[in-house]
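A.B. asks: First the structure, then my questions, so here it is.
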Amino acid sequence: MDKIFDYIDAREAEYVTRVMDYVRHPSISAHNIGIRHVAGLLVDMLDGLGFQTQLIETAGHPFVFGEYLVDPSLPTVLLYGHYDVQPPDPLEKWISPPFEPTIRDGRIWARGIGDNKGQHFAQLMGIEALLAVTGTLPCNVKFLLEGEEEIGSPQIADFVAAHREMLACDLVITSDGPLHDTGLPQVTYGVRGMASFELRAKTADRDSHSGNYGGTMPNAVWTLVNLLATMKTPDGEITIAGLHDPIIPATNAERAAVGALPLDVEGFMAELGLKHLDAPANVPFYDRLMFRPTLTINGLHGGYGGEGTKSVIPSEAFAKCDIRLVEAMTPDQVFDCVRAHVAIHAPNVEFIAHGGMLPSKTSLESPYARAITDGIRAARGVEPLHIPSAGGSLPDYVFTKILGVPAFVVPYANHDEANHAPNENLKLDLFHAGIRTGAAMLTKIGGQ
(Lines give C-alpha, C1' and ligand atoms only; values in the text may rest on other atoms or scores of the structure.)
Protein backbone atom coordinates (compact mmCIF):
# COMPACT_ATOMS: atom_id res chain seq x y z
CA MET A 1 0.00 0.00 0.00
CA ASP A 2 2.89 2.40 0.64
CA LYS A 3 3.64 2.91 -3.07
CA ILE A 4 -0.02 3.56 -3.79
CA PHE A 5 -0.32 6.03 -0.91
CA ASP A 6 2.87 7.78 -2.02
CA TYR A 7 1.45 8.11 -5.54
CA ILE A 8 -1.80 9.58 -4.20
CA ASP A 9 -0.07 11.93 -1.74
CA ALA A 10 2.16 13.33 -4.48
CA ARG A 11 -0.88 14.35 -6.54
CA GLU A 12 -2.97 16.00 -3.87
CA ALA A 13 -3.12 19.42 -5.56
CA GLU A 14 -3.88 17.85 -8.95
CA TYR A 15 -6.85 15.92 -7.56
CA VAL A 16 -8.29 19.09 -6.03
CA THR A 17 -8.07 20.92 -9.36
CA ARG A 18 -9.75 18.05 -11.16
CA VAL A 19 -12.63 17.59 -8.73
CA MET A 20 -13.30 21.32 -8.79
CA ASP A 21 -13.49 21.17 -12.58
CA TYR A 22 -15.95 18.26 -12.29
CA VAL A 23 -18.37 19.86 -9.81
CA ARG A 24 -18.27 23.10 -11.81
CA HIS A 25 -20.76 21.43 -14.17
CA PRO A 26 -24.35 21.59 -12.84
CA SER A 27 -26.38 18.35 -12.85
CA ILE A 28 -29.71 19.22 -11.21
CA SER A 29 -32.09 16.30 -11.66
CA ALA A 30 -35.17 18.15 -10.39
CA HIS A 31 -34.82 20.72 -13.18
CA ASN A 32 -33.12 18.48 -15.79
CA ILE A 33 -30.18 20.86 -15.96
CA GLY A 34 -26.83 19.49 -17.14
CA ILE A 35 -27.70 15.84 -16.50
CA ARG A 36 -26.65 14.42 -19.86
CA HIS A 37 -23.55 16.56 -20.04
CA VAL A 38 -22.26 15.30 -16.68
CA ALA A 39 -23.26 11.71 -17.52
CA GLY A 40 -21.13 12.08 -20.64
CA LEU A 41 -18.19 13.35 -18.58
CA LEU A 42 -18.42 10.23 -16.40
CA VAL A 43 -18.53 7.94 -19.42
CA ASP A 44 -15.33 9.59 -20.67
CA MET A 45 -13.67 9.25 -17.24
CA LEU A 46 -14.50 5.56 -16.95
CA ASP A 47 -13.47 4.90 -20.55
CA GLY A 48 -10.17 6.61 -19.82
CA LEU A 49 -9.55 4.23 -16.91
CA GLY A 50 -10.10 1.18 -19.12
CA PHE A 51 -13.64 0.37 -17.98
CA GLN A 52 -16.22 -1.08 -20.34
CA THR A 53 -18.76 1.71 -20.06
CA GLN A 54 -22.41 2.22 -20.98
CA LEU A 55 -24.89 5.07 -20.77
CA ILE A 56 -28.16 3.26 -20.10
CA GLU A 57 -31.44 5.02 -20.78
CA THR A 58 -34.47 4.82 -18.49
CA ALA A 59 -37.88 6.45 -18.39
CA GLY A 60 -36.11 9.27 -16.52
CA HIS A 61 -32.45 10.22 -16.38
CA PRO A 62 -29.81 7.71 -17.55
CA PHE A 63 -27.56 5.48 -15.46
CA VAL A 64 -23.83 5.36 -16.08
CA PHE A 65 -22.40 1.84 -15.78
CA GLY A 66 -18.81 0.68 -16.09
CA GLU A 67 -16.98 -2.54 -15.32
CA TYR A 68 -13.34 -3.54 -15.04
CA LEU A 69 -13.10 -7.33 -14.84
CA VAL A 70 -9.75 -8.73 -13.77
CA ASP A 71 -10.31 -12.37 -12.79
CA PRO A 72 -13.57 -14.24 -12.14
CA SER A 73 -11.99 -15.90 -9.11
CA LEU A 74 -11.58 -12.51 -7.40
CA PRO A 75 -14.38 -10.68 -5.55
CA THR A 76 -16.46 -8.20 -7.51
CA VAL A 77 -17.22 -4.85 -5.88
CA LEU A 78 -20.04 -2.63 -7.11
CA LEU A 79 -19.45 1.05 -6.31
CA TYR A 80 -22.71 3.02 -6.27
CA GLY A 81 -23.08 6.79 -6.36
CA HIS A 82 -25.16 9.51 -7.94
CA TYR A 83 -24.14 12.30 -10.29
CA ASP A 84 -27.21 14.46 -9.78
CA VAL A 85 -27.30 17.27 -7.21
CA GLN A 86 -29.86 19.30 -5.30
CA PRO A 87 -31.01 22.68 -6.65
CA PRO A 88 -28.81 25.42 -5.15
CA ASP A 89 -31.67 27.61 -3.87
CA PRO A 90 -31.70 29.95 -2.03
CA LEU A 91 -28.87 31.46 -4.04
CA GLU A 92 -28.59 34.54 -1.81
CA LYS A 93 -27.45 32.33 1.08
CA TRP A 94 -24.30 31.17 -0.73
CA ILE A 95 -21.07 32.93 0.20
CA SER A 96 -19.60 32.00 -3.19
CA PRO A 97 -21.57 30.88 -6.28
CA PRO A 98 -22.65 27.22 -6.03
CA PHE A 99 -21.17 26.18 -9.37
CA GLU A 100 -17.97 28.20 -9.09
CA PRO A 101 -15.96 25.95 -6.74
CA THR A 102 -13.94 27.94 -4.22
CA ILE A 103 -11.30 26.99 -1.66
CA ARG A 104 -11.35 28.70 1.73
CA ASP A 105 -10.81 27.58 5.31
CA GLY A 106 -9.37 24.26 4.18
CA ARG A 107 -12.53 23.28 2.29
CA ILE A 108 -13.93 23.19 -1.23
CA TRP A 109 -17.26 25.02 -1.41
CA ALA A 110 -19.65 24.02 -4.23
CA ARG A 111 -22.95 22.30 -4.85
CA GLY A 112 -22.39 18.55 -5.17
CA ILE A 113 -18.87 18.50 -3.71
CA GLY A 114 -20.06 16.41 -0.78
CA ASP A 115 -23.30 14.95 -2.10
CA ASN A 116 -22.19 13.01 -4.02
CA LYS A 117 -19.91 14.09 -6.86
CA GLY A 118 -16.83 14.76 -4.76
CA GLN A 119 -17.14 11.41 -3.02
CA HIS A 120 -17.51 9.20 -6.10
CA PHE A 121 -14.78 11.24 -7.80
CA ALA A 122 -12.51 10.26 -4.90
CA GLN A 123 -13.35 6.61 -5.63
CA LEU A 124 -12.43 7.14 -9.28
CA MET A 125 -9.11 8.71 -8.32
CA GLY A 126 -8.35 5.79 -6.00
CA ILE A 127 -8.90 3.42 -8.94
CA GLU A 128 -6.74 5.59 -11.17
CA ALA A 129 -3.92 5.39 -8.61
CA LEU A 130 -4.15 1.60 -8.36
CA LEU A 131 -3.97 1.28 -12.14
CA ALA A 132 -1.03 3.68 -12.39
CA VAL A 133 1.03 1.93 -9.72
CA THR A 134 0.15 -1.75 -10.30
CA GLY A 135 -1.14 -1.80 -13.88
CA THR A 136 -4.35 -3.52 -12.83
CA LEU A 137 -6.97 -3.65 -10.08
CA PRO A 138 -6.86 -5.98 -7.05
CA CYS A 139 -10.45 -7.13 -7.65
CA ASN A 140 -13.23 -6.81 -10.18
CA VAL A 141 -14.92 -3.41 -10.02
CA LYS A 142 -18.28 -2.22 -11.32
CA PHE A 143 -19.50 1.38 -11.12
CA LEU A 144 -23.17 2.37 -11.07
CA LEU A 145 -23.88 6.09 -11.06
CA GLU A 146 -27.47 7.30 -10.89
CA GLY A 147 -28.95 10.55 -12.17
CA GLU A 148 -32.11 10.64 -10.03
CA GLU A 149 -31.08 9.99 -6.42
CA GLU A 150 -31.96 13.54 -5.38
CA ILE A 151 -35.54 13.09 -6.63
CA GLY A 152 -36.11 9.78 -4.83
CA SER A 153 -34.51 7.19 -7.18
CA PRO A 154 -37.79 6.42 -8.98
CA GLN A 155 -36.15 4.13 -11.58
CA ILE A 156 -33.55 2.26 -9.57
CA ALA A 157 -35.58 -0.71 -8.29
CA ASP A 158 -36.84 -1.65 -11.76
CA PHE A 159 -33.41 -0.95 -13.24
CA VAL A 160 -31.59 -3.24 -10.80
CA ALA A 161 -34.20 -5.98 -11.19
CA ALA A 162 -33.90 -5.81 -15.00
CA HIS A 163 -30.09 -5.83 -14.96
CA ARG A 164 -29.32 -8.41 -12.27
CA GLU A 165 -26.77 -10.24 -14.41
CA MET A 166 -24.93 -7.09 -15.45
CA LEU A 167 -24.81 -5.83 -11.84
CA ALA A 168 -23.91 -9.20 -10.30
CA CYS A 169 -21.35 -8.67 -7.55
CA ASP A 170 -20.21 -9.85 -4.12
CA LEU A 171 -20.76 -6.58 -2.27
CA VAL A 172 -21.74 -2.95 -2.76
CA ILE A 173 -19.95 0.10 -1.33
CA THR A 174 -21.50 3.56 -1.37
CA SER A 175 -19.49 6.61 -0.35
CA ASP A 176 -22.14 9.19 0.43
CA GLY A 177 -23.24 11.25 3.40
CA PRO A 178 -21.21 12.64 6.30
CA LEU A 179 -18.84 11.09 8.80
CA HIS A 180 -19.75 10.77 12.45
CA ASP A 181 -19.78 14.13 14.23
CA THR A 182 -16.52 13.18 16.00
CA GLY A 183 -14.82 13.19 12.58
CA LEU A 184 -14.01 9.48 12.88
CA PRO A 185 -14.45 7.30 9.79
CA GLN A 186 -17.32 4.85 9.84
CA VAL A 187 -18.88 1.84 8.18
CA THR A 188 -22.67 1.89 8.02
CA TYR A 189 -24.44 -1.43 7.56
CA GLY A 190 -28.03 -0.39 7.01
CA VAL A 191 -30.58 2.36 6.53
CA ARG A 192 -34.13 2.89 7.66
CA GLY A 193 -36.90 2.82 5.09
CA MET A 194 -39.78 5.26 4.76
CA ALA A 195 -43.51 5.36 4.02
CA SER A 196 -45.14 8.74 3.31
CA PHE A 197 -48.87 9.33 3.41
CA GLU A 198 -51.53 12.01 3.64
CA LEU A 199 -54.73 12.28 5.64
CA ARG A 200 -57.56 14.48 4.32
CA ALA A 201 -60.68 15.46 6.22
CA LYS A 202 -63.70 17.18 4.71
CA THR A 203 -66.67 17.87 7.01
CA ALA A 204 -68.76 20.33 4.94
CA ASP A 205 -68.93 22.08 1.57
CA ARG A 206 -67.53 25.34 2.94
CA ASP A 207 -65.99 27.00 5.98
CA SER A 208 -68.64 28.45 8.29
CA HIS A 209 -69.10 31.05 11.04
CA SER A 210 -67.79 29.63 14.32
CA GLY A 211 -70.67 31.19 16.25
CA ASN A 212 -73.62 30.51 13.97
CA TYR A 213 -72.49 26.96 13.27
CA GLY A 214 -70.38 26.20 16.34
CA GLY A 215 -71.50 23.01 18.06
CA THR A 216 -73.35 21.75 14.97
CA MET A 217 -70.80 21.62 12.17
CA PRO A 218 -67.85 19.23 12.67
CA ASN A 219 -64.44 20.88 12.54
CA ALA A 220 -62.09 19.27 9.98
CA VAL A 221 -58.95 20.27 11.90
CA TRP A 222 -60.25 18.72 15.12
CA THR A 223 -61.15 15.60 13.14
CA LEU A 224 -57.52 15.19 12.11
CA VAL A 225 -56.11 16.19 15.50
CA ASN A 226 -58.26 13.59 17.22
CA LEU A 227 -57.31 10.94 14.67
CA LEU A 228 -53.59 11.67 14.96
CA ALA A 229 -53.87 11.49 18.75
CA THR A 230 -55.05 7.87 18.43
CA MET A 231 -51.89 6.97 16.50
CA LYS A 232 -49.32 7.97 19.12
CA THR A 233 -49.55 8.44 22.87
CA PRO A 234 -48.17 11.47 24.73
CA ASP A 235 -45.47 9.07 25.97
CA GLY A 236 -44.30 8.60 22.38
CA GLU A 237 -45.53 5.07 21.73
CA ILE A 238 -47.02 4.40 18.29
CA THR A 239 -50.38 2.68 18.75
CA ILE A 240 -51.21 1.60 15.18
CA ALA A 241 -52.15 -2.07 15.40
CA GLY A 242 -49.83 -4.47 13.59
CA LEU A 243 -47.25 -1.84 12.70
CA HIS A 244 -44.49 -3.37 14.84
CA ASP A 245 -45.23 -7.03 14.05
CA PRO A 246 -42.51 -7.63 11.39
CA ILE A 247 -39.68 -5.87 13.27
CA ILE A 248 -36.51 -7.94 13.73
CA PRO A 249 -34.82 -7.05 17.05
CA ALA A 250 -31.24 -5.81 17.11
CA THR A 251 -28.60 -8.54 17.28
CA ASN A 252 -25.98 -8.87 20.01
CA ALA A 253 -23.33 -7.68 17.53
CA GLU A 254 -25.40 -4.59 16.72
CA ARG A 255 -25.92 -3.85 20.40
CA ALA A 256 -22.18 -4.14 21.01
CA ALA A 257 -21.40 -1.80 18.09
CA VAL A 258 -23.89 0.80 19.35
CA GLY A 259 -22.43 0.55 22.84
CA ALA A 260 -19.01 1.52 21.45
CA LEU A 261 -20.22 4.64 19.64
CA PRO A 262 -19.22 8.06 21.03
CA LEU A 263 -22.19 9.95 22.40
CA ASP A 264 -22.65 13.57 23.46
CA VAL A 265 -26.36 14.01 24.07
CA GLU A 266 -25.92 17.42 25.70
CA GLY A 267 -23.96 18.67 22.69
CA PHE A 268 -26.59 17.28 20.33
CA MET A 269 -29.36 19.05 22.23
CA ALA A 270 -27.39 22.30 22.40
CA GLU A 271 -26.82 22.28 18.62
CA LEU A 272 -30.58 22.15 18.01
CA GLY A 273 -31.62 24.25 21.00
CA LEU A 274 -33.55 21.35 22.56
CA LYS A 275 -34.78 21.30 26.13
CA HIS A 276 -35.31 17.53 26.06
CA LEU A 277 -35.31 14.59 23.64
CA ASP A 278 -38.51 13.36 22.08
CA ALA A 279 -40.59 10.83 24.00
CA PRO A 280 -40.30 8.04 25.10
CA ALA A 281 -37.84 9.36 27.64
CA ASN A 282 -36.40 5.96 28.57
CA VAL A 283 -35.27 4.90 25.06
CA PRO A 284 -31.49 4.96 24.44
CA PHE A 285 -30.31 7.63 21.99
CA TYR A 286 -29.09 5.36 19.18
CA ASP A 287 -32.07 3.03 19.47
CA ARG A 288 -34.20 6.00 18.43
CA LEU A 289 -32.24 6.37 15.19
CA MET A 290 -31.55 2.75 14.28
CA PHE A 291 -33.89 0.19 15.80
CA ARG A 292 -37.32 1.84 16.16
CA PRO A 293 -39.89 3.12 13.68
CA THR A 294 -41.03 6.73 13.94
CA LEU A 295 -44.28 8.50 13.13
CA THR A 296 -43.80 12.12 12.09
CA ILE A 297 -46.38 14.78 11.27
CA ASN A 298 -44.61 16.71 8.52
CA GLY A 299 -47.36 19.29 8.22
CA LEU A 300 -50.90 19.95 9.49
CA HIS A 301 -53.00 22.48 7.59
CA GLY A 302 -56.56 23.75 7.59
CA GLY A 303 -58.65 26.81 8.30
CA TYR A 304 -57.36 30.36 8.53
CA GLY A 305 -53.64 31.04 8.83
CA GLY A 306 -53.35 34.73 7.98
CA GLU A 307 -52.81 37.75 10.18
CA GLY A 308 -55.29 38.56 12.90
CA THR A 309 -58.29 36.33 13.51
CA LYS A 310 -61.05 34.85 11.45
CA SER A 311 -63.80 33.10 13.40
CA VAL A 312 -64.50 30.15 11.12
CA ILE A 313 -64.98 26.42 11.42
CA PRO A 314 -62.64 24.81 8.87
CA SER A 315 -64.42 22.46 6.48
CA GLU A 316 -61.23 20.86 5.14
CA ALA A 317 -57.88 19.91 6.64
CA PHE A 318 -54.98 17.70 5.70
CA ALA A 319 -51.93 16.22 7.40
CA LYS A 320 -48.77 15.00 5.70
CA CYS A 321 -46.92 12.28 7.59
CA ASP A 322 -44.09 9.80 7.28
CA ILE A 323 -43.12 6.64 9.11
CA ARG A 324 -39.49 5.51 9.16
CA LEU A 325 -39.19 1.75 8.81
CA VAL A 326 -36.80 -0.73 10.34
CA GLU A 327 -36.06 -4.28 9.22
CA ALA A 328 -38.31 -6.12 8.17
CA MET A 329 -41.12 -3.58 7.79
CA THR A 330 -42.33 -2.67 4.31
CA PRO A 331 -44.19 0.38 2.98
CA ASP A 332 -47.13 -1.79 1.87
CA GLN A 333 -47.44 -3.36 5.34
CA VAL A 334 -47.32 0.10 6.94
CA PHE A 335 -49.91 1.53 4.55
CA ASP A 336 -52.24 -1.40 5.29
CA CYS A 337 -51.91 -0.83 9.04
CA VAL A 338 -52.50 2.93 8.81
CA ARG A 339 -55.41 2.49 6.43
CA ALA A 340 -57.07 0.02 8.81
CA HIS A 341 -56.46 2.34 11.76
CA VAL A 342 -58.07 5.27 9.97
CA ALA A 343 -61.06 3.14 8.99
CA ILE A 344 -61.67 2.33 12.66
CA HIS A 345 -61.05 5.73 14.25
CA ALA A 346 -62.09 8.20 11.53
CA PRO A 347 -63.80 6.37 8.65
CA ASN A 348 -64.69 9.61 6.86
CA VAL A 349 -61.04 10.69 6.61
CA GLU A 350 -59.36 9.94 3.30
CA PHE A 351 -56.06 8.04 3.46
CA ILE A 352 -53.64 8.63 0.55
CA ALA A 353 -50.47 6.54 0.28
CA HIS A 354 -47.50 8.32 -1.28
CA GLY A 355 -43.96 7.08 -1.83
CA GLY A 356 -42.13 4.41 0.10
CA MET A 357 -38.68 2.91 0.44
CA LEU A 358 -37.71 -0.40 2.01
CA PRO A 359 -35.18 -0.53 4.85
CA SER A 360 -31.89 -2.33 4.31
CA LYS A 361 -29.59 -4.20 6.64
CA THR A 362 -26.26 -5.99 6.27
CA SER A 363 -24.81 -8.20 8.98
CA LEU A 364 -21.92 -6.75 10.99
CA GLU A 365 -20.44 -10.22 10.73
CA SER A 366 -20.24 -10.15 6.92
CA PRO A 367 -16.85 -11.48 5.77
CA TYR A 368 -16.31 -8.27 3.77
CA ALA A 369 -16.70 -6.06 6.84
CA ARG A 370 -13.19 -6.97 8.01
CA ALA A 371 -11.59 -6.15 4.64
CA ILE A 372 -13.38 -2.78 4.52
CA THR A 373 -12.32 -2.05 8.10
CA ASP A 374 -8.71 -2.99 7.32
CA GLY A 375 -8.74 -0.69 4.30
CA ILE A 376 -10.05 2.27 6.29
CA ARG A 377 -7.51 1.65 9.05
CA ALA A 378 -4.65 1.48 6.52
CA ALA A 379 -5.72 4.71 4.81
CA ARG A 380 -6.74 6.76 7.83
CA GLY A 381 -4.60 5.33 10.64
CA VAL A 382 -7.60 5.02 12.98
CA GLU A 383 -10.24 2.41 13.74
CA PRO A 384 -13.60 3.17 12.10
CA LEU A 385 -16.88 3.25 13.95
CA HIS A 386 -19.43 0.59 13.04
CA ILE A 387 -22.97 1.93 12.58
CA PRO A 388 -25.64 -0.80 12.38
CA SER A 389 -28.10 1.54 10.66
CA ALA A 390 -28.40 5.14 9.55
CA GLY A 391 -31.47 7.04 10.62
CA GLY A 392 -32.24 8.28 7.12
CA SER A 393 -33.09 6.43 3.92
CA LEU A 394 -31.02 5.43 0.89
CA PRO A 395 -32.01 2.94 -1.84
CA ASP A 396 -29.66 0.27 -0.44
CA TYR A 397 -32.53 -2.23 -0.42
CA VAL A 398 -32.09 -2.68 -4.18
CA PHE A 399 -28.73 -4.28 -3.43
CA THR A 400 -29.56 -6.29 -0.30
CA LYS A 401 -33.08 -7.36 -1.32
CA ILE A 402 -32.95 -7.50 -5.14
CA LEU A 403 -29.31 -8.39 -5.81
CA GLY A 404 -29.07 -10.25 -2.50
CA VAL A 405 -25.60 -8.99 -1.56
CA PRO A 406 -24.21 -7.09 1.46
CA ALA A 407 -24.19 -3.30 1.10
CA PHE A 408 -21.95 -0.90 3.04
CA VAL A 409 -21.89 2.89 3.25
CA VAL A 410 -18.42 4.37 3.82
CA PRO A 411 -18.75 8.18 3.79
CA TYR A 412 -15.84 10.53 3.14
CA ALA A 413 -17.45 13.94 3.79
CA ASN A 414 -17.26 16.04 6.96
CA HIS A 415 -20.19 16.04 9.37
CA ASP A 416 -20.96 19.69 8.56
CA GLU A 417 -20.86 19.29 4.77
CA ALA A 418 -24.22 21.13 4.48
CA ASN A 419 -25.54 18.78 1.85
CA HIS A 420 -28.92 19.94 0.49
CA ALA A 421 -28.23 23.40 1.97
CA PRO A 422 -26.42 26.54 0.83
CA ASN A 423 -22.62 26.51 1.22
CA GLU A 424 -22.16 22.78 0.70
CA ASN A 425 -18.53 21.91 1.34
CA LEU A 426 -15.92 19.16 1.64
CA LYS A 427 -12.77 19.38 3.71
CA LEU A 428 -9.64 19.03 1.58
CA ASP A 429 -8.01 16.56 3.94
CA LEU A 430 -11.10 14.33 3.93
CA PHE A 431 -11.31 14.39 0.13
CA HIS A 432 -7.69 13.27 0.03
CA ALA A 433 -8.33 10.63 2.70
CA GLY A 434 -11.25 9.39 0.62
CA ILE A 435 -8.97 8.70 -2.35
CA ARG A 436 -6.61 6.75 -0.09
CA THR A 437 -9.53 4.90 1.51
CA GLY A 438 -11.06 3.88 -1.81
CA ALA A 439 -7.78 2.44 -3.05
CA ALA A 440 -7.10 0.66 0.25
CA MET A 441 -10.55 -0.92 0.54
CA LEU A 442 -10.33 -2.44 -2.95
CA THR A 443 -6.82 -3.72 -2.18
CA LYS A 444 -7.91 -5.39 1.05
CA ILE A 445 -11.03 -6.88 -0.56
CA GLY A 446 -8.98 -8.27 -3.41
CA GLY A 447 -6.49 -9.81 -1.01
CA GLN A 448 -9.13 -11.42 1.20
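The values are calculated or read from the model by the stated rules, or taken from the named source; none is laboratory data. Computed from a prediction, not measured in an experiment: that's the story for all the values here. Don't worry about glycine lacking a Cβ; one is built from the backbone with ideal geometry, like all the others, and counts go over all protein chains shown. Protein only, heavy atoms only, side chains kept; ligands, DNA and RNA dropped before computing areas. Shrake-Rupley method; radii C 1.70, N 1.55, O 1.52, S 1.80 Å.
A.B. asks: Got a number for residues in the stretch 124-135 being in contact with a strand residue (DSSP E or B) (Cβ under 9 Å, 6 or more places away or on another chain) and open to solvent by 10 Å² or more (accessible area, probe 1.4 Å)?
C.D. replies: Residues in the stretch 124-135 being in contact with a strand residue (DSSP E or B) (Cβ under 9 Å, 6 or more places away or on another chain) and open to solvent by 10 Å² or more (accessible area, probe 1.4 Å): 1 in total.
A.B. asks: Sticking with this one: Residues of the stretch 226-237 being free of Cβ contacts under 8 Å to residues at least 60 places away in the same chain and either among the acidic types (Asp, Glu) or surrounded by 12 or more Cβ atoms within 10 Å (Cβ to Cβ) (or both), which ones?
C.D. replies: ALA229, THR233, ASP235, GLY236, GLU237 - these are the residues of the stretch 226-237 that are free of Cβ contacts under 8 Å to residues at least 60 places away in the same chain and either among the acidic types (Asp, Glu) or surrounded by 12 or more Cβ atoms within 10 Å (Cβ to Cβ) (or both).
A.B. asks: Since ASN212 meets every condition but one in (1) closer than 24 Å to MET329 by Cβ; (2) without any contact (Cβ under 8 Å) to a residue 40 or more places away in the chain; (3) of a type in the set (S, T, N, Q), which condition does it not meet?
C.D. replies: ASN212 satisfies all of (1) closer than 24 Å to MET329 by Cβ; (2) without any contact (Cβ under 8 Å) to a residue 40 or more places away in the chain; (3) of a type in the set (S, T, N, Q) except (1).
A.B. asks: Any chance the stretch 222-240 includes a residue that's farther than 30 Å from GLN333 by Cβ and of a type outside the set (A, V, I, L, M, F, W, C)?
C.D. replies: No.
A.B. asks: Of all residues in the stretch 246-263, which are touching a residue at least 24 places away in the same chain (Cβ under 8 Å) and open to solvent by 80 Å² or more (accessible area, probe 1.4 Å)?
C.D. replies: ILE248, PRO249
A.B. asks: Regarding HIS25, is this residue assigned to a loop (DSSP other than H, G, I, E, B), in contact (Cβ under 8 Å) with a residue 24 or more places away in the chain and closer than 30 Å to VAL405 by Cβ?
C.D. replies: Details: assigned to a loop (DSSP other than H, G, I, E, B): yes; in contact (Cβ under 8 Å) with a residue 24 or more places away in the chain: yes; closer than 30 Å to VAL405 by Cβ: no.
Considered against the rule, which asks whether it is assigned to a loop (DSSP other than H, G, I, E, B), in contact (Cβ under 8 Å) with a residue 24 or more places away in the chain and closer than 30 Å to VAL405 by Cβ, HIS25 comes out as no.
Residue-wise test of (1) in a loop (DSSP other than H, G, I, E, B); (2) closer than 30 Å to THR188 by Cα; (3) open to solvent by less than 40 Å² (accessible area, probe 1.4 Å).
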residue	(1), (2), (3)
VAL334	no, yes, yes
ARG339	no, no, no
VAL342	no, no, yes
ASN348	yes, no, no
ILE352	no, no, no
ALA371	no, yes, yes
GLY375	no, yes, yes
ALA379	no, yes, yes
HIS386	no, yes, no
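A.B. asks: Among residues belonging to the stretch 66-118 that are of a type in the set (Lys, Arg) and part of a helix (DSSP H, G or I), point out the one that is surrounded by the most Cβ atoms within 10 Å (Cβ to Cβ).
C.D. replies: LYS117
A.B. asks: For the stretch 416-424, does any single residue satisfy the condition of being touching a strand residue (DSSP E or B) at 6+ places or on another chain (Cβ under 7 Å), closer than 30 Å to PRO88 by Cα, open to solvent by 10 Å² or more (accessible area, probe 1.4 Å) and touching a residue at least 60 places away in the same chain (Cβ under 8 Å)?
C.D. replies: Within the stretch 416-424, one or more residues are touching a strand residue (DSSP E or B) at 6+ places or on another chain (Cβ under 7 Å), closer than 30 Å to PRO88 by Cα, open to solvent by 10 Å² or more (accessible area, probe 1.4 Å) and touching a residue at least 60 places away in the same chain (Cβ under 8 Å).
A.B. asks: Quick one: would you say PHE351 is within 16 Å of the chain's Cα centre (by Cα) and touching a residue at least 60 places away in the same chain (Cβ under 8 Å)?
C.D. replies: no
A.B. asks: Any idea which of (1) open to solvent by 70 Å² or more (accessible area, probe 1.4 Å); (2) at pLDDT 95 or above; (3) more than 24 Å from HIS345 (Cβ to Cβ) is the one GLY273 doesn't satisfy?
C.D. replies: With (1) open to solvent by 70 Å² or more (accessible area, probe 1.4 Å); (2) at pLDDT 95 or above; (3) more than 24 Å from HIS345 (Cβ to Cβ) applied to GLY273, the lone miss is (1).
A.B. asks: Could I ask something else about it? Just to verify a result, which residue in the stretch 201-239, among those that are of a type in the set (Gly, Ala, Ser) and farther than 24 Å from SER311 by Cα, is modelled with the lowest pLDDT?
C.D. replies: GLY236
A.B. asks: Could you tell me how many of the residues in the stretch 150-167 are assigned to a loop (DSSP other than H, G, I, E, B) and farther than 17 Å from LEU55 by Cβ?
C.D. replies: 3
A.B. asks: Filter the stretch 276-319 for residues that are open to solvent by less than 60 Å² (accessible area, probe 1.4 Å), small (Gly, Ala, Ser) and in contact (Cβ under 8 Å) with a residue 24 or more places away in the chain and give the result.
C.D. replies: ALA279, GLY302, GLY303, SER315, ALA317, ALA319
A.B. asks: How many of the residues making up the stretch 28-65 are touching a residue at least 40 places away in the same chain (Cβ under 8 Å) and open to solvent by 80 Å² or more (accessible area, probe 1.4 Å)?
C.D. replies: The total comes to 2.
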